[in-house]
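I have placed the structure first, in the form of structure tokens, so that the comments after it can refer back to it.
The values are calculated or read from the model by the stated rules, or taken from the named source; none is laboratory data. Bear in mind that the values here come from a model prediction, so they are computed numbers and not experimental data. Glycine gets a Cβ as well: all are built from the backbone with ideal geometry, and neighbour counts include every protein chain shown. Accessible surface is based on the protein model in full, side chains and every heavy atom, while ligands, DNA and RNA are left aside. Shrake-Rupley method; radii C 1.70, N 1.55, O 1.52, S 1.80 Å.
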Amino acid sequence: MNKELIYHPLFIFLLIVLSFMLLVCLIRAVKGPRVADRLMAVNMMGTMVMVMISVLALLLQEGYLVDICLIYAMISFLSVVVISKVYIGIYEEQHHSQETAEGGNTDERS
Amino acid sequence: MSAAEWIRLIIGCLFILIGMVIFFTELFGVFHFKYVLNRMHAAAMGDTLGISACLIGLMIFSGLNFTTMKMFLIIVFLWFASPVSSHVLSRLEAATNDNLSAHCEIYEDVEILERELAASVENNNAEEKEAPVS
């Protein structure tokens with residue numbers, strides 16, 4: 001029996017299942033009530049896309065696609081860390097400006 | 001196909017099946033839990049164990065070449081990256097949520113938690129000692 005005849009449908013089936021899971025992750029990212037929810041869903045989607053790229057590398061017999069997968073892993077990690085840090089910074093800045101505004105008001109009242 | 005290749009196919013399929021089941025569990029947990037810090041527990045599982053199982057299955061399919069080594073590198077990288085990103089995300093949640101105490105207990109000092117845990121362990125030990133006597 002030919003090897004291609006088994007592996008090709010298997011990989012296609014795997015890609016279809018993974019794409020459905022990706023869609024469910026996207027629903028979580030849209031629904032998520034908090035920012036951390038959305039970032040977590042994006043992280044999960046990154047993991048599944050990594051598996052998809054690896055499957056594609058074996059399906060197309062192109063080894064260099066795994067390099068892209070490695071770079072994708074690094075960029076997805078970096079994006080999560082950077083977006084969290086930026087969001088914490090923005091939130092604290094707004095909080096401090098609100099506090100100082102409130103403090104100024106109370107001072108005026110007193 | 002020879003017998004060895006059939007065995008390779010079956011073992012690889014087994015690993016990929018384990019990975020898919022773990023991904024499915026992850027998705028179920030993400031929709032099942034009610035709060036971000038609980039959901040994160042389910043989501044961190046797929047980042048390390050799910051992708052490890054899937055890539056080990058693909059490595060068995062691929063055989064011994066450079067592609068396999070790169071996949072192993074991805075697994076090792078995610079072992080380091082996933083806990084760090086979970087930690088950063090939970091810090092984001094703890095820093096930006098104003099009524100965090102509505103969802104979980106907050107200990108201002110670690111010593112309070114340690115004292116409570118030690119007290120509960122002592123209580124358990126005392127109950128276990130009393131049980132056989134009575």
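Mind checking the full-extension length gain between residue A:75 and residue A:31? Use 0.36 nm per residue of separation minus the Cα-Cα distance, one decimal, nm. Show your work: numbers first, answer last.
Values: separation 44, 0.36 × 44 = 15.84 nm, distance 2.41 nm.
Full extension from residue A:75 to residue A:31 adds 13.4 nm.
Taking a probe of 1.4 Å, how large is the accessible area per residue of chain A, in Å²? The partial results should precede the final answer.
Working: 6450 Å² over 110 residues.
Using a 1.4 Å probe on heavy atoms only, each residue of chain A averages 59 Å².
With point charges of +1 on the Cβ of Lys and Arg and -1 on the Cβ of Asp and Glu, referenced to the Cα centre of the protein assembly as shown, which listed residue (B:27, B:125, A:57) lies farthest in the positive direction of the dipole?
Result: A:57.
Report, in whole Å, the centroid distance computed from the Cα atoms of the stretch B:59-134 and the stretch A:38-105.
Cα centroid to Cα centroid, the span is 21 Å.
If you wrap a convex hull around the C-alpha atoms of chain B and split its volume per residue, what is the figure in Å³?
Numbers: hull volume 27.0 nm³, N = 134.
Roughly 202 Å³ of hull volume per residue.
Using a 1.4 angstrom probe on heavy atoms only, work out the carbon and sulfur share of the accessible area of the protein assembly as shown in %. Show your work: numbers first, answer last.
Numbers: 9840 of 14670 Å².
Roughly 67 percent of what the probe reaches on the protein assembly as shown is carbon or sulfur.
Helix A:64-109 against the longest principal axis of chain A: what's the angle in degrees, Cα atoms only, rounded to the nearest 10?
Value to nearest ten degrees: 10.
Please compute the modelled spin-label separation between residue A:100 and residue A:59, points set 7 Å along Cα→Cβ, answer in nm with one decimal.
My value for the distance between the label points is 5.4 nm.
Pairs of Cα atoms under 8 Å, at least six residues apart: use those to get the relative contact order of chain B, whole percent. Mind dumping the intermediate values first?
Numbers: 82 pairs, mean separation 30.7, N = 134.
Rounded, it is 23 percent for chain B.
Mind checking the per residue accessible area of chain B for me, 1.4 Å probe, whole number of Å²? Working shown, then result.
On the way: 8210 Å² over 134 residues.
Accessible area per residue, chain B: 61 Å².
Give the ranking of B:35, A:72 by solvent-accessible surface, highest area first, calculated with a 1.4 Å probe.
A:72, B:35
Can you bin the stretch A:26-71 into rounded, prolate or oblate? Criterion: square roots of the alpha carbon gyration tensor eigenvalues sorted a ≥ b ≥ c, rounded for a/c under 1.5, prolate for a/b above b/c, oblate for the rest.
Numbers: a/c = 6.16, a/b = 2.99, b/c = 2.06.
Judged from the Cα gyration tensor, the stretch A:26-71 comes out prolate (a/c at least 1.5, a/b above b/c).
How big is the Kirkwood radius of chain A, worked out from every pair of different alpha carbons and given in Å to one decimal? Before the final figure, lay out the partial values.
Details: mean 1/r = 0.0579 Å⁻¹.
The Cα-based Kirkwood calculation yields 17.3 Å.
Would you please classify the overall shape of the stretch B:65-134 from the alpha carbon gyration tensor, given that a ≥ b ≥ c denote the square roots of the eigenvalues, rounded means a/c under 1.5, and beyond that prolate means a/b larger than b/c while oblate covers the rest?
Working: a/c = 4.48, a/b = 1.65, b/c = 2.71.
Oblate, because a/c is 1.5 or more while a/b does not exceed b/c.
Ranked by accessible surface with a 1.4 Å probe, highest first, in what order do B:39, A:38, B:115 come? Numbers along the way, then the final one.
Working: B:39 15, A:38 95, B:115 155 Å².
Highest to lowest solvent-accessible surface, that is B:115, A:38, B:39.
Any idea of residue A:90's accessible area? Nearest 10 Å², probe 1.4 Å.
It works out to around 90 Å².
Taking the protein assembly as shown on its own, what percent of its Cα-Cα pair distances exceed 32 Å? Write out the running numbers ahead of the final one.
Details: 11786 of 29646 pairs.
That fraction is 40 percent.
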